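Here's the structure we're looking at; comments come further down.
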Amino acid sequence: MITINDLNRIKEETLEKIELRRSKQSTMSFEKKDMKSHMTHVLVCGGTGCHSSQGDEIRRLLEEKVEEKGLDNIEVTLTGCFGLCETGPNIVIYPEGIFYSQVKLEDIDEIVEEHFVKGNIIKRLLYEGAVKEETILPVNEVNFYKKQTRVALRNCGLINPEDIDEYIALDGYQALAKVLTEMSQQEVIDFVKAANVRGRGGAGFPAGVKWETAFKYPADKKYVICNADEGDPGAFMDRSILEGDPHSVLEAMAICGYAIGSDQGYIYVRAEYPIAVERLEIAIEQAKEKGLLGKNILGTDFSFDIELRLGAGAFVCGEGTALIESIEGKRGMPRTKIHRTAHKGLWGKPTIINNVETFANIPVIFQKGVEWFKSVGTEDSPGTKVFALGGKINNTGLIEIPMGVTLRDIIYDIGGGIPNGKEFKAVQTGGPSGGCIPKEHIDAPVDFKSLAELGSIMGSGGMVVMDEDNCMVDIARFFLDFTVEESCGKCVPCREGTKRMLEILEKITNGEGTPEDLDRLESLAETITNGSLCGLGQTAANPVISTMKYFREEYEAHVYDKKCPAGSCQALLEFFITEDCIGCTKCARNCPVSCISGKVKERHAINTDECIKCGNCMEVCPVGAVIKR
């Protein structure tokens, strides 16, 4: 059984290696480097995105080549997500912090021979944002990372998630040791309350208040659940934490278990996350072997165990009571809120449910203190928030920013702006339950209060950027279509109301909408919001409400003019050949229904009655003479 002294010994033994990856990095030139003069760590991104692009094979091949060359000073490690998913597979070489992106298997021989053996940095593989004139920026100075503050993601991309010693080296399980040996249950709860840790799962409810409710409610058995049923389209925040730093969640759950008097925890994770599941299984086994989970942890009277429960991918199971029903072996449907889950949750016992990101914040707060945590973010929303940044944005990936940072900072500084010089139009936060925020509010701070005032929510952290080519009516239709598919059907307002709203939106995007449909949408939105049983239905209308509020002119253009201003809704499009036509006949030859006529070297014309609006003509035209209107 491991003791606190053993914990400190492991930390000291492993810290030197980890410190190499955190050492101070500075800009450097392309001059030849003496690679044999120091230990070198090659960290290969092992997140799902890079894994799908042969990240694992790249790591294995690197190891083989390094061994073949007898390069004993080079250590290759598979780690968690680096965040900059747009450029994967990614490799970072420490201590210099050299950032190679879009690495392929065929690049490995060159990396080993040129970089590792000869000390020549390969310019063509450097991440574009890491090269400034004739100098190379280390990874921590790249604009994408420089603007971020990593708390929940502090170890992701830095440690081997399958090696508990590396987690311990960076103060892992020190918070649990402090809690078990120095603090009472109430003191732990007061500490979390003082830090004002708000739930990162969407609603922002104070975690300390929730923990205290379960602590004070008498019961012979209590439970701790980590909600890892991340289902928002384009969201991968929780998955990346579990893949890159699983022990942070295990440690936090044990702290919560001690605080409320629980000896059993469950992580409810969707089965579609196989890498996260595998690394969680490894982490749990390692923690048990070292006595950091199980009986009499760290030689104390406290015992706590954790089990995994795999979800089948139902979005509604992200709702707490539906998740509980699923763990109990029932169909995942929300319960009527007669009791708080902190009073009667799993098997009728007091239960705490927090999401992955909320738990990932807990250990570091106990390590660095309340004031440190509250110095980041805003007074109402302290700390940071992790977002999955996607859509029409140059730097797609995972980011963590202090609460209060503006949307402009996120989209243009971290995200790198809109591709192809397009104009920013709106950003969707909170996934299907959130709202669309227009460009006139681009300088709004990102925190719980500000987003709510704009008609959106923080949600679990999805952030989808849209440009001038996005139709906001169609965006609302897209998210509502997702909600209809994911509704469990238990309550009428959600089951029937969302279907009726979707039908109306489909009418409008097909050019069949009427003025009365706009009134029906608003009426249905109010009914569904007020009458639904759980958060899925209560927030299902948010995309419609926010787009009608900020982009009503687009709805009216669809209904009254039968036009889609963004040129996105196919049924309302009309293709037209301008005077720029050179008569090359490519459009006519590629038209699947032969509705384009014209002679060679003369302007062509489209028969709009026969046109099926496939857009082939626009794609093949060499001079851009075909437009849609």
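The values are calculated or read from the model by the stated rules, or taken from the named source; none is laboratory data. Quantities reported herein were computed from a predicted structural model and do not represent experimental measurements. FYI the Cβ positions are ideal-geometry reconstructions off the backbone, even for glycines, and counts take in every protein chain you see. Surface areas here come from the heavy atoms of the whole protein model, side chains and all, with no ligands, DNA or RNA. Shrake-Rupley method; radii C 1.70, N 1.55, O 1.52, S 1.80 Å.
Computed quantities for the displayed model
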| read-out | value |
| --- | --- |
| Magnitude of the charge dipole, the stretch 170-221, Cβ model with Lys/Arg +1 and Asp/Glu -1, debye to 20 | 260 |
| Extension gain from THR585 to GLU602, taking 0.36 nm per residue of separation minus the Cα-Cα distance | 5.2 nm |
| The stretch 588-617-the stretch 353-412 distance, computed between alpha-carbon centres (Å) | 51 |
| Share of carbon and sulfur in the accessible heavy-atom surface of the stretch 294-435 [1.4 Å probe, %] | 47 |
| Cross-link pairs LYS221/LYS368; LYS425/LYS628; LYS147/LYS549; LYS32/LYS123; LYS385/LYS449; LYS146/LYS210 - those with Cα-Cα distance over 23 Å | LYS221/LYS368; LYS147/LYS549; LYS146/LYS210 |
| Neighbourhood net charge (9 Å Cβ-Cβ; Lys/Arg +1, Asp/Glu -1) for CYS595 | -2 |
| Under 13 Å from the LYS104 label point (7 Å along Cα→beta-carbon), backbone N, the stretch 56-89 | 89 |
| Within the chain: Cβ-based charge dipole about Cα centre, in debye rounded to nearest 20 (Lys, Arg +1; Asp, Glu -1) | 1040 |
| Of CYS581, HIS247, ILE327, farthest towards positive along the dipole that unit charges on Lys, Arg, Asp, Glu beta carbons give the chain | ILE327 |
| Top positive-direction residue, dipole computed over the chain with Cβ charges, set ASN395, VAL405, TRP347 | TRP347 |
| Charge-dipole axis of the stretch 103-165 as Lys and Arg at +1 and Asp and Glu at -1 on Cβ define it, positive-most pick from ILE121, CYS156, ILE108 | CYS156 |
| The stretch 376-415 - charge dipole about Cα centre, Lys and Arg +1 at Cβ, Asp and Glu -1, debye rounded to 20 | 220 |
| Cβ-Cβ FRET estimate between LYS17 and SER52, R0 fixed at 35 Å, reported to 0.05 | 0.75 |
| Computed [θ] at 222 nm, deg cm²/dmol, the chain (DSSP H ≥ 4; -39,500 (n - 2.57); rounded to nearest 500) | -10500 deg cm²/dmol |
| Rough spin-label spacing in nm, given labels placed 7 Å along Cα→Cβ, for THR135 and ASP469 | 3.7 |
| Percent carbon-and-sulfur accessible area, the stretch 140-246, ignoring ligands, DNA and RNA, probe 1.4 Å | 46 |
| Answer label for semi-axes √(5λ) of the Cα gyration tensor in Å (calculated), chosen among (1) 77, 46, 16; (2) 76, 32, 19; (3) 45, 36, 19 | (3) |
| Inter-part distance where the stretch 49-83 and the stretch 424-450 are each reduced to a Cα centre, Å | 39 |
